[in-house]
Structure formats: C-alpha cells, structure tokens
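The values are calculated or read from the model by the stated rules, or taken from the named source; none is laboratory data. All of these numbers come straight from a predicted model, not from anything done at the bench. Cβ sites come from the backbone with ideal geometry, for glycine too, and all protein chains shown count toward neighbours. These accessible areas exclude ligands, DNA and RNA; they are computed on the full protein's heavy atoms, side chains included. Shrake-Rupley method; radii C 1.70, N 1.55, O 1.52, S 1.80 Å.
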Amino acid sequence: AQSVTQPDIHITVSEGASLELRCNYSYGATPYLFWYVQSPGQGLQLLLKYFSGDTLVQGIKGFEAEFKRSQSSFNLRKPSVHWSDAAEYFCAVVTNNAGNMLTFGGGTRLMVKP
Amino acid sequence: GAGVSQSPSNKVTEKGKDVELRCDPISGHTALYWYRQRLGQGLEFLIYFQGNSAPDKSGLPSDRFSAERTGESVSTLTIQRTQQEDSAVYLCASSLEVRRAEQYFGPGTRLTVT
C-alpha cells in the first residue's frame, strides 16, 4: 500500500535559520507529490507540487522542495524562516490515478523561536 | 468567492443525531473530495466526486456516512446517528478536473459529538 512518512512530528527553529522538513513516500509508480501548510484554524494551502521534469520545484512563500527518486524523498526547504511560517506542514502523494485522491503524511508541526 | 467554502464552520451535536456538512467548490471545478482530520491523526480520504457521481466511496468509514453532489456544484456529507469517534475536522477540496491533481481546500467544518 502507498504511504507517506514525515519522520519529524515537531521541529523548532530560530527565526532566520534554515529549514528542512523531511518526507518519504512508498509508491510504485511515478508519483505526484505535494506540500501543504495548515495554519491554526485554517484549511490546507498548497505550497508546491511535483509532477515531472525538474526535480527542484519552487513554491510560494519562499519554499522549495527536491524530488529524489533514489531516496523516495521529497523534502521541503526554506533558507530563512519567518515567524509567520509557524504552522503544520503536510506532505502528500496522489495514490490513485483514476481518482487522484491524496494520501497524507502525519504532518510536521513547525515552531519558530524569536 | 474565489475559494472553496464550507458550512457550518463549527458544529456541536449530541450522540445519535444526524448532521449535514456542506461544501461549495470553486466554480467550474468538476472534481470534489472529502477528507477527515481527527485530532492527533492524519488526514484520511473519505469520498470523491467526478461531476455528480462518486466512483470511489471506499474511504467512507461506515454506512452511517453518505455524500451527494448536485449540479456539479454543492456537495453534502451526511453522518447519521453520530458517534463520539466521528468528532473531527471535515475538509472539502476541489480540483479543476480529476486528471488535474492539484486540490484546493476549504477551511473545514469542526464537528464535535458530545
């Protein structure tokens, strides 16, 4: 069965520091991969997506992610974190090409220290 | 409104009562998805619609759950005889079409069963 793993449940970084959130997937075919962010009391906002092509993808709010097929990973990065980035981040993969429903990782809660 | 909207934003109900949750997708989006986010757990897929039909209902947790969509627009998720384990945030998402995997989420409905 397809699955998505986010190994870090909580991460705390200082404002201005760099950030990397890990995501590993288990999926036989070429995946469609996504990162979403959820601020408290809000829905999910799409940060970026990978369908094919260039393995380094740029998203909104200064985020980027790199698809590494050999490692089955799609890690999210940001060079300098802002206090407003504090939120929960979800990695997701499309698991059914017919319906394209998303399978989500368990999420990583990011806290930002001043 | 440009985004996906859901109503109500919060719903408190007594165990055994029926509830209806509503989703208004982005105009022109033919695909609509329902997910559930329980406290301390990840997001899980419930059902999706292509137009007004639901090709995959495999995610519905029990026969107490049903959903319909009319006019290729509004969808209603109905939970009959609610149980405490139904307490969760119910998220709706829409996509331009099923083949286009990008899904845009609403703010969710927080359901509390007492």
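Residues to consider are A:40, A:7; find the one that is assigned to a loop (DSSP other than H, G, I, E, B), surrounded by fewer than 13 Cβ atoms within 10 Å (Cβ to Cβ) and more than 12 Å from chain B (Cβ to nearest Cβ). Outline the logic, then answer.
Numbers: A:40 fails: more than 12 Å from chain B (Cβ to nearest Cβ).
None of the other options fit; the residue is A:7.
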Looking only at the range B:35-67, count how many residues are among the acidic types (Asp, Glu), closer than 24 Å to residue B:110 by Cβ and either surrounded by 13 or more Cβ atoms within 10 Å (Cβ to Cβ) or within 11 Å of another protein chain (Cβ to nearest Cβ) (or both).
1
Apart from one, (1) among the polar types (S, T, N, Q); (2) part of a loop (DSSP other than H, G, I, E, B); (3) within 14 Å of another protein chain (Cβ to nearest Cβ) all hold for residue A:80; the odd one out is (3)
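So how many residues does the range A:63-81 have that are loosely packed, with under 14 Cβ neighbours inside 10 Å and without any contact (Cβ under 8 Å) to a residue 24 or more places away in the chain? If you could, list the steps in order and put the result at the bottom.
Kept after step one, since they are loosely packed, with under 14 Cβ neighbours inside 10 Å, are these residues of the range A:63-81: A:68-71, A:79-80.
If we keep only those that are without any contact (Cβ under 8 Å) to a residue 24 or more places away in the chain as well, we get A:68-70.
Number satisfying all stated conditions: 3.
Keeping to the range A:35-55, report how many residues are within 13 Å of the chain's Cα centre (by Cα) and either within 11 Å of residue A:89 (Cβ to Cβ) or not aromatic (Phe, Trp, Tyr) (or both). Step through it out loud before you land on a result.
First pass over the range A:35-55, keeping only residues within 13 Å of the chain's Cα centre (by Cα): A:35-38, A:44-50.
Now drop any that are not either within 11 Å of residue A:89 (Cβ to Cβ) or not aromatic (Phe, Trp, Tyr) (or both), which leaves A:35-38, A:44-49.
Matching residues across the range A:35-55 total 10.
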Neighbours by Cβ (under 6 Å, 6+ apart or cross-chain): first from the range B:86-104, more than 8 Å from chain A (Cβ to nearest Cβ); second crowded, with 22+ Cβ neighbours inside 10 Å and among the basic types (Lys, Arg):
B:88/B:36; B:90/B:36
Report whether or not residue A:107 is under 27 Å from residue B:34 (Cα atoms), touching a Pro at 6+ places or on another chain (Cβ under 9 Å) and either within 14 Å of chain B (Cβ to nearest Cβ) or open to solvent by 10 Å² or more (accessible area, probe 1.4 Å) (or both).
no
Quick one: residue A:74 ticks every box in (1) within 21 Å of residue B:33 (Cβ to Cβ); (2) modelled with pLDDT under 95 bar one, so which box is it?
(2)
